[in-house]
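The structure appears below as structure tokens.
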Amino acid sequence: MLDRALEQQPVPLAARHRQAGMLQLVWRDFRRHPMALVGVGILSVITLMSIFAFLYPYDPESVDQLNRFQPPSFQHPMGTDRSGRDVMARILYGGRVSLVVGIAAMATALVIGAAIGGIAGYYGRILDAVLMRLTDLALSFPSLFLLIMLSFLLRETHLPLFQGGIASIALVIGLTSWMSVARLVRASFLVIKEQEFITAARACGASDARIMVRHMLPNAAGPLIVNATLGVAWAILIESGLSFLGFGIQPPTPSWGNILNDAQKTLSLYPWLSIFPGLMIFLTVIAINYIGDALRDALDPYHVTGRR
Amino acid sequence: MARHATIEELLTLYLKGSISRRRFAARLAMLGLSPPAVATLLAACRRAEEGTPAPIVGTPPSGTAVTGATPSPAPSGAAKRGGTIKWADYEPNTLNPYIASEAIARSVIALVNRGLVGVNPNGEAFPVLVTEIPSRENGGLSDDGKVVTWRLKPGLKWSDGQPLTSDDIKFTWEAVRHPESTATQTQGFDLIERIETPDELTAVVYYKEFWTPWVTQFALGILPRHGTGDPSQMGSWKWNRTVNPTNGPFVLEEWQAADHMTFARNEYWHEEGKPYLDRILYPITTELEVQRQMLRTGENDMHHWLADEYVDEVKSWPNVTVKEGPSPYWYRVQFNLTDQGNLNKPHPILGDVRVRRALGLALDRQKILAHWKKVEFMSSMFRGPFACDLPPYEYNPEKAKTLLEEAGWVDRDRDGIREAHGALYAPDGTKLSLRLSSYTGWNREDEQVVMVELWKAIGVEAKIQNYEPTVLYGTWGEGSPARRGDFDILWWDYELGLDPQVKAEDFYASWRIPSEQNPGGFNCTRVNDPEIDEWLRIAGSSTDIEVRRDAYCKIAKKIQEEIVNEWVFGVGYAFSASSARVKGWEMNEAYTPFAIFGWDAENWYIAE
Amino acid sequence: MTRYIVIRLLQAIPLLFLVSAAVFALIHLVPGGPMGVYGKNPNLSAEDLARLEEKLGLNQPLYVQYLNWLTKVIRGDFGYSYDTKRPVLDEIADRLPATVYLMGATFVFVLAIAIPVGALSAARQYSWVDVLVSTLTFAGQAIPVFWLGLMLILLFYGWARNPFTGEPLLPARGMSTLGAPFSIGDYLKHLILPMLTLGVGWISWYSRYLRSSMLDVLHQAYIQTARAKGLAERTVLTRHALKNAAIPLVTIVALDLPTIVNGALYTEIIFSWPGMGQLFFRAAVRRDYPILMAMTMLSSVMIILANLLADVAYAYLDPRVRYERSST
């Protein structure tokens, strides 16, 4: 199931939305999807709540042993957990973690994938062959195996950036999901590099790196944005899955996945502890997926929706 | 060593420098005896000196040598034969008692294979396959303790009808001590020089030197010479999966990997009329939640590990019985005395004993363990006949703050965390920030978060940094941070077991400090104190309970007052449950691996 | 075509070597090791640990360990599990049927629902059916599979009762009721919750995929032609549109085939299903290197075969591809 994000077909890009008027065009297509607008709404609320979590009166790590396993109430809207911590606070801060992991993982995948796919597509020949075999190799690993092993490996290195292994998990997910980006970028570059404006840029003496980053990448942006959006949702699901197994974000740093892992130990006694984090994952992922779907419609001219 | 050395001789040899410290340590590590057994042994020795023979070692509490005693009082007339129960639980990895290392495997093995003796909830040995516990009085134990004569009950049979003889005892020893056997329960077996079998019922075990826990030597199980195989291939014996033939109250009928096991009554079990149950069905179930729900709906009759949170809930179910008993796990906070395990370099922060004491004083253990259903607090690791009279560990955050100020840790920048200003080892400005480590997956974070708060209250920052169990418990070569000394504070548990000697050495002996040469050493905080080493040697080489207790208590006192490498908590309670209709079972977890859920399976019966 | 398959298979061999070396390095690089399992065992002395390490060959340099493993594997010997001490192939053989049974059944279930649903929502684009299906499939893709499993247990095992017997409505562990006589009904009952847990995301994915490829086909000229010829809409949809829309789906299905041997990690753990996913989880936690190696190799082989199968199937089913291939 985790292979999904890797299986998206590379879609070549035509330079339809170019320069001026692009945003309006995108917006025109995008707003035709009411669910995507709802998705934007949900995602905005969740993001804002996570960002402004500090306004919420409870601390996610402050323990109150006299008030363990309280059911939802006015005081604790989502109840309290096994250590008497306010679940709402943990979910708000957990949302930060899950969103940060999702975005950072996708950013990692984009950087790696764009570098590998871009070089392969731009230079072609041996570099292309070698890099694409590397991509094939990466795709021949069972992805869940790779995820779990890498999470073991990186977790113990205790990367300093964030606590609870946030950086490690983001890196792990990024390292296992760059392949589709690489293929996408390569396919786009193969098409774009033959176009006149690239020849022109080269004639003006622009360096290869500059051509790739300044001229070619923006023209491959459409499908990449779609891929990245859906990738964030996917990374959030993967993070929650790994944390659920106990291999992801380490408690007491909250993430939706490890809140669920914790809650599962008292599933039938205190079901609300399991329901809320699950709902949050569900809402976030579905919102992002709707947005991604609409973006695909708006940005990706080759994708078929029948709306043409 | 060509000739047999007594403990005294061994000690003399060591003190003269004739044998290496490692070798001495290895020998001493084997010394140990159950507390009550030591008490009786001691009394016997004294009386023997006075010329009166007396019972020795391992005699059941009643004081009379019991023949064919059952682990727990036989159920009254209510017990009846027949019926099938279900026990939904995890899957064991093997049924070979000398390879198994997990509690669940030991539990299932208790159904199918038994040793010569068992250990009851009081920590006393009782005879299972033998007529009585050997003693000087009954001629089973030589005066120097180096010759043990085991006498099997007559008429014992393997589950295939073949006689179970003294030769099987001999074979068990041959198999386990074989260097290629991959056995993991080997202590004491290499100290046996030979086993003689003058007749089918008698096995005479000759030790190279006195080994105090000899009574539990064959407690884990007996392996049949026929039906198993070559000891060097023990790891891959088919028998490990079939246990056919075996000697327990039940035999394994079927084992469908990861799905189920079924057990049937062993018709050759030696107790008349037992076991009561016809069959035990064992659906392998990997979710605790499902195990519990199955108990509620009657699809499961035995529930081994009842989580603390569920105790009250499950007790309220009308069709379920819940029992409790001390768990084998002893929990404590440990402070690393060294910088990254370097014995010559004290830990920059924890190197100062005042800091360690302050950290301890800030810990309110009631609060830390408040979520445990039941706890027994201990002021040292020594219990039973070795319990020491120590002042209880106190909780006093004010005193802790004063100590920290004294030690040069002050919060001048008012950020809530103290910094070094004239501390013993830390350069000025160092933050009083430490890593608090444990293993993942077993809710150790529950206690850690409380500790973090308590330390925060005295201006100490603790960051939780946990490792997977296989990482934390790994060997030196595998890079275990605990063994490498790459930690600040540890919060973990340890099985205390029957006799304190081995554990005390593990915790405090300088020769148990982990290193490349000693990859499995357990003295992770690096207590390196010649006085403690000496007391450990004295305790380990003495059969006198007073001498031993005296030595242990000196150790405990020094640890508590001067070394402070640990702050001691306690032993939690374990809970198990069964359908109300299943009777005759008792908890017996405190002395694993010799005692475990399932130890009395022959007494289980269904009451209607 | 045969030549093409042979070449692809030959190309796979060096790839497998690379994968095996990389996996071997990775799992040995990971902190912790098989000895950690014994760390808590108070009866295992340091000497025993060292002896076990030696017996398992874990104290040798990594490349020696790898070469030892490789030479044995080439002879078909995958070694013994560190955990159970049984031959690795026995362990896998024990788990494979349960996983193939669960995944196979789920595949059938998924396709049986996803194909008609996807086709219908494409044919009735923008109708209420389409909106409903689209909402459900988005939901299906967003539910974390382990959470769904837990919720289903809570609902159908913990809460809902069979009104006649008072027993839980659906069982939540294993493949069958232990101790009950064999019955197909019992097996099917045990299949429902795991299959649902696994299937929901899958159905959503497949039906969305089919919907979009069907829409693609419906806009092609030959469909318009078929309609113009006056064929019944039903015939147009099933004969022409669905048949062509299913081609890309076949390749997607082929690419998903490796899951049949990989098993479903979360579902198997939650429902105590005795399959490969559980074996993998157990082996990963305990650092059971031989099992991990064998499972990843099996899985890599399946991935390579599935990719090949997808390409072949695509070429076989889509005449245009075949034409292009034969013309070059």
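The values are calculated or read from the model by the stated rules, or taken from the named source; none is laboratory data. Here the structure is a predicted model, which means the values were calculated and not measured. Backbone-built Cβ (ideal geometry, glycine too); neighbour counts: all protein chains shown.
When you scan the range A:204-216, do you find a residue that is in a helix (DSSP H, G or I) and within 20 Å of the chain's Cα centre (by Cα), even just one?
Checked against the condition, which is being in a helix (DSSP H, G or I) and within 20 Å of the chain's Cα centre (by Cα), the range A:204-216 yields no hits at all.
Checking the conditions here, which among B:Thr470, B:Thr440 is in contact (Cβ under 8 Å) with a residue 12 or more places away in the chain and either over 19 Å from B:Met381 (Cβ atoms) or not small (Gly, Ala, Ser) (or both)?
Testing whether each residue is in contact (Cβ under 8 Å) with a residue 12 or more places away in the chain and either over 19 Å from B:Met381 (Cβ atoms) or not small (Gly, Ala, Ser) (or both) leaves just B:Thr440.
Of everything in the range B:597-608 that's of a type outside the set (Ser, Thr, Tyr) and surrounded by fewer than 24 Cβ atoms within 10 Å (Cβ to Cβ), which residue is farthest from the chain's Cα centre (by Cα)?
Residue satisfying both the conditions and the ranking: B:Glu608.
Please specify each residue of the range B:418-448 satisfying the condition of being surrounded by fewer than 22 Cβ atoms within 10 Å (Cβ to Cβ), more than 30 Å from the chain's Cα centre (by Cα) and charged (D, E, K, R).
Result: B:Glu419, B:Asp428, B:Lys431.
Looking at the range B:584-608 only, could you name the residues that are under 20 Å from B:Pro127 (Cβ atoms), assigned to a loop (DSSP other than H, G, I, E, B) and modelled with pLDDT of 90 or more?
B:Gly584, B:Glu586, B:Asn588, B:Gly598, B:Trp599, B:Asp600
Of the residues in the range B:258-269, how many are assigned to a loop (DSSP other than H, G, I, E, B) and crowded, with 21+ Cβ neighbours inside 10 Å?
The qualifying residues number 3.
For A:Gly231, work out the one condition from (1) assigned to a helix (DSSP H, G or I); (2) at pLDDT below 85 it doesn't fulfil.
Every listed condition holds for A:Gly231 apart from (2).
Restricting to helices (runs of 4 or more DSSP H) lying wholly in the range B:462-540: which have 1 or more residues that are more than 8 Å from chain C (Cβ to nearest Cβ)?
Answer list for the range B:462-540: B:481-484, B:500-508, B:530-540.
Could you say whether any residue in the range B:127-142 is within 21 Å of B:Lys238 (Cβ to Cβ), in contact with a Pro (Cβ under 9 Å, 6 or more places away or on another chain) and either surrounded by fewer than 19 Cβ atoms within 10 Å (Cβ to Cβ) or without any contact (Cβ under 8 Å) to a residue 12 or more places away in the chain (or both)?
No, the range B:127-142 contains no residue that is within 21 Å of B:Lys238 (Cβ to Cβ), in contact with a Pro (Cβ under 9 Å, 6 or more places away or on another chain) and either surrounded by fewer than 19 Cβ atoms within 10 Å (Cβ to Cβ) or without any contact (Cβ under 8 Å) to a residue 12 or more places away in the chain (or both).
Within the range B:392-447, which residues are more than 23 Å from B:Glu566 (Cβ to Cβ) and in a helix (DSSP H, G or I)?
Selection gives B:Glu405 alone.
What is the number of the single condition among (1) part of a loop (DSSP other than H, G, I, E, B); (2) away from chain A (no Cβ under 14 Å); (3) of a type in the set (A, V, I, L, M) that C:Leu191 does not meet?
For C:Leu191, the exception is condition (1).
Can you give me the ranges of the helices (runs of 4 or more DSSP H) entirely in the range C:221-328 with at least 2 residues that are within 14 Å of chain B (Cβ to nearest Cβ), modelled with pLDDT of 80 or more and buried (at least 18 other Cβ atoms within 10 Å of the Cβ)?
Counting at least 2 such residues, we get C:265-270, C:276-286, C:289-317.
Say whether the condition of being surrounded by 24 or more Cβ atoms within 10 Å (Cβ to Cβ), over 19 Å from the mean Cα position of the chain (by Cα) and away from every other protein chain (no Cβ under 14 Å) is met by at least one residue in the range A:86-94.
yes
If you scan the range C:47-76, which residues turn out to be in a loop (DSSP other than H, G, I, E, B) and free of Cβ contacts under 8 Å to residues at least 12 places away in the same chain?
C:Gly57, C:Asn59, C:Gln60, C:Pro61, C:Arg75, C:Gly76
Is it the case, given these coordinates, that B:Thr228 is over 16 Å from B:Leu116 (Cβ atoms), in contact with a Gly (Cβ under 6 Å, 6 or more places away or on another chain), crowded, with 21+ Cβ neighbours inside 10 Å and among the β-branched types (Val, Ile, Thr)?
No, not satisfied.
Test of understanding: among B:Thr182, B:Thr212, B:Thr186, B:Thr262, which residue is within 9 Å of another protein chain (Cβ to nearest Cβ) and touching a Ser or Thr at 6+ places or on another chain (Cβ under 8 Å)?
Answer to the selection: B:Thr186.
So B:Gly227 ticks every box in (1) more than 21 Å from B:Ser159 (Cα to Cα); (2) assigned to a loop (DSSP other than H, G, I, E, B); (3) not aromatic (Phe, Trp, Tyr) but one. Which box is left unticked?
Single failed check for B:Gly227: (1).
Of the residues in the range A:246-283, how many are in a helix (DSSP H, G or I) and not acidic (Asp, Glu)?
20
Among the residues of the range C:136-155, is any assigned to a loop (DSSP other than H, G, I, E, B), within 11 Å of chain A (Cβ to nearest Cβ) and in contact (Cβ under 8 Å) with a residue 24 or more places away in the chain?
Within the range C:136-155, one or more residues are assigned to a loop (DSSP other than H, G, I, E, B), within 11 Å of chain A (Cβ to nearest Cβ) and in contact (Cβ under 8 Å) with a residue 24 or more places away in the chain.
Based on what the data block shows, is A:Ser140 under 30 Å from C:Met295 (Cβ atoms) and free of Cβ contacts under 8 Å to residues at least 12 places away in the same chain?
yes
I want to confirm something. Restricting to the range B:231-257 and keeping residues that are out of contact with any helix residue (DSSP H, G or I) (no Cβ under 8 Å at 6 or more places or on another chain) and part of a loop (DSSP other than H, G, I, E, B), which single residue is surrounded by the most Cβ atoms within 10 Å (Cβ to Cβ)?
The residue in question is B:Asn247.
Considering only residues that are in a strand (DSSP E or B) and crowded, with 20+ Cβ neighbours inside 10 Å, look in the range B:270-285 and name the one that is farthest from the other protein chains (Cβ to nearest Cβ).
Taking the candidates together, the pick is B:Ile280.
What's the number of the condition C:Leu150 fails, among (1) in contact with a Phe, Trp or Tyr (Cβ under 9 Å, 6 or more places away or on another chain); (2) buried (at least 23 other Cβ atoms within 10 Å of the Cβ)?
Unmet for C:Leu150, out of (1) in contact with a Phe, Trp or Tyr (Cβ under 9 Å, 6 or more places away or on another chain); (2) buried (at least 23 other Cβ atoms within 10 Å of the Cβ): (1).
Condition check: more than 14 Å from chain B (Cβ to nearest Cβ), at pLDDT below 85, under 30 Å from C:Val145 (Cβ atoms) and surrounded by 14 or more Cβ atoms within 10 Å (Cβ to Cβ). Does A:Leu6 satisfy that?
Yes: the conditions hold for A:Leu6.
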